[in-house]
Each structure stands twice: as structure tokens, then as C-alpha cells.
Amino acid sequence: MGSHLDAHLGLTDDDGSGDDESLERAAELIHNASSVSVFTGAGISVDSGIPDFRSRGGLWDRYDPFHYCDYEVFQHRPHLFWTMARELVLDIHKGQGGTVEEALQTGQFRTAPPNAGHRALVALEQLGKTVTVITQNIDGLHKAAGSTHVVELHGTDRTATCMVCQDQVEQKEIVRQWAEMPEAQRLSGNLAEDGFVPKCGNCGGVLKADVTFFGEALPAGAMGRAVAAVMGSSVCMVVGTSLNVAPANMVPSMVKARFGKVVVCNLDESGRNVADVFIKGRSSVTLPKLVSAVCQLQARGAPRSVCSVQ
């Protein structure tokens, strides 16, 4: 393998995820494809320090998403969502070595960085592939890593929009307002009781994070762009998602209806039954290995049998 790319992707000789045969088969499929779609879920961001909401002890064990993330509930009691959202921010901040006192004194929270899995998808683009990343995640890490074509199906937590005048602000404005709360209130340690709701500096309206709530439509055009990308690619990679719920569970049938191939990369056995190639392991390890294998095929000048999409 090329040492420069391996170093860029963070590969070491003792990375132990993903069996060689599956990696080679997947690399050949991707090498032969000019267009690749990648459907990602929470699993790709776990190694960045963002906990899986659905896992045991995760955020949704503590906060019922059908209540705290319901659009109608938000319209009447927005402080419920902002209680949950701030706890997630604090969890990530603490996971990056920060403290509550540091955050509220400086007005800044430590954020999760893209990991080697995110960076590997950028490297795949740099090998000349047309790569469209379709993500269920709201963390913005694919864009932060440098991916060019990203469809955020469930929106992003990096911005918020006023419910009244539609003025949009960055996440740091939410943090600023939180940090400027009276000290006794913001350091009380009980987010559920401080009643915090960020307001628009333009009109005073309630700010809503630009994420898709239950009962709310997906961002305009997002699903259409996602379907077009999946249907237009000869290989679709599925990374870090169980394929148990829509729209993830629609991906395999869409790909195979156009005679494409499905490569699934998951930490557990999810998706093995629908995969043409299944790679088990942490995506921060398996994706760099996979992209390095594609690079090796290109460097050897391996012939490409271009798989046209019908």
C-alpha cells in the first residue's frame, strides 16, 4: 500500500477490523465504478466521540424522542428540545476532555472532530471517484472532513432558524445565549429546570435547530437528491446503520433494482443479509483500509470493467 495514503488515512499494521477477502472484493467493485453513493448512520461518528442515540444508555434512553423531538411539542414547549440538545452538546464536550465550568465561562464547547472513516470518504473522492454521501447524521462531520457532495437527510445541528422571520444563525449563537444566562441559573446543573430557549436577535422569535423533527418534512429536495444518487451509482456503500428503518431500509432494493452492488460496513451483523459484500468492524478502521486497497488497484493499473447502471 502507498505509505503516503496510509499515513493520511491513519492506517497502522495492527488495525484488525475487516477480513482481507471482503476488503479486496469491495475494493474491486469500487475500483470498477465511476460513481459511488455512501449511506451513513450514527455508527460512522461514534469514533469521533458522538454517542449513538439509540444505544443502551444513549440520549434516547434518557429523553423520549417522540416527545422531545416532536414538531408539535416543540411549537408549544421548545425548552424540552433545547434541554435534550444541550445535554448532547455537554456529553460531546466532556467526551473531548472539557468541563462544564470551562464551557460556560468561555462560551465555547469542544466539538467532535471528523474521524478516519469520514476522511477516507474524502480520499475516495480524491482518487477520482464521484462520491455522494447521504447521511442520517446531523453532526456535519462529513462536510467538516471535506466531502464535496453531501445530502443531510435529517438536516444539521450546526445552524438554527427563527420560527417567525426565518433568519438563520450558526450554532455558536445558541452557545452564546446559553453562556450569557445568569450565572446561578446556568450553573445550577439542572438543564430541565432552567427553561432555556434561544431567541432570534432580529425579531425575538424562537430559534429551532435545523434538524428534522418527528412530524416534520425532510429538508426540501433532500430525499430526491438521495434517491438520484443511489439510483445513479453502480456501488452503494452502507456504513454505520442498521437498515431497519426508513429511509435506510429502502437502499438495498433501490440499488439492486438497477443491478448495482451493495457494500455494507457495520460493527455488528446488521445488513449482512442484503449485502453483496459485508465488512465487519469499526468504520474508522475498515474504510481507510478499503480506500487504501482501491488506491493500490489504481496504482497497479488494474483494468477497470466499468459497470454501467441500467
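The values are calculated or read from the model by the stated rules, or taken from the named source; none is laboratory data. Keep in mind it's a predicted model, so treat the numbers as computed, not measured. No Cβ is skipped: glycine too gets one built from the backbone with ideal geometry, and neighbour counts run over all protein chains shown.
Looking at region 109-122, can you tell me whether even one residue there is in a helix (DSSP H, G or I) and at pLDDT below 95? If you could, list the steps in order and put the result at the bottom.
Start the filter on region 109-122 by keeping residues that are in a helix (DSSP H, G or I), which leaves 116-122.
Next cut, at pLDDT below 95 only: none.
Looking through region 109-122, none of the residues is in a helix (DSSP H, G or I) and at pLDDT below 95.
Would you mention how many residues in region 75-104 are modelled with pLDDT of 90 or more and within 13 Å of TRP178 (Cα to Cα)?
So the count comes out to 4.
Please work out which residue is modelled with the highest pLDDT, limiting yourself to region 178-194 and to residues that are surrounded by 12 or more Cβ atoms within 10 Å (Cβ to Cβ) and more than 19 Å from ASP91 (Cα to Cα).
Among residues in region 178-194 that are surrounded by 12 or more Cβ atoms within 10 Å (Cβ to Cβ) and more than 19 Å from ASP91 (Cα to Cα), the one modelled with the highest pLDDT is MET181.
I'd like to verify a number: residues in region 75-103 that are without any contact (Cβ under 8 Å) to a residue 12 or more places away in the chain and hydroxyl-bearing (Ser, Thr, Tyr), how many?
1
Going through VAL239, VAL235 one at a time, which residue ends up being buried (at least 24 other Cβ atoms within 10 Å of the Cβ), more than 22 Å from ASP52 (Cβ to Cβ) and at pLDDT 95 or above?
Values: VAL239 fails: more than 22 Å from ASP52 (Cβ to Cβ).
When all the criteria are applied, what remains is VAL235.
Identify, please: which residue in region 238-254 is of a type in the set (A, V, I, L, M, F, W, C) and free of Cβ contacts under 8 Å to residues at least 60 places away in the same chain and is, among those, nearest to SER37 (Cα to Cα)?
MET254
Specify which of the listed residues (GLN126, GLN105) is under 30 Å from GLY301 (Cα atoms) and out of contact with any strand residue (DSSP E or B) (no Cβ under 6 Å at 6 or more places or on another chain). Steps first, answer last, please.
On the way: GLN105 fails: under 30 Å from GLY301 (Cα atoms).
Sole residue among the options that is under 30 Å from GLY301 (Cα atoms) and out of contact with any strand residue (DSSP E or B) (no Cβ under 6 Å at 6 or more places or on another chain): GLN126.
One line per residue, one yes/no per condition, for (1) outside the structural domain of VAL227 (by TED's automatic domain parsing); (2) under 12 Å from the mean Cα position of the chain (by Cα); (3) closer than 24 Å to GLY201 by Cα:
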| position | (1), (2), (3) |
| --- | --- |
| GLY98 | yes, no, no |
| GLU101 | yes, no, no |
| ALA120 | no, no, no |
| LEU124 | no, no, no |
| THR132 | no, no, no |
| GLY146 | no, no, no |
| GLU170 | yes, no, yes |
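Would you confirm whether or not region 282-294 contains a residue that is surrounded by fewer than 21 Cβ atoms within 10 Å (Cβ to Cβ), charged (D, E, K, R) and not in a loop (DSSP other than H, G, I, E, B)?
no
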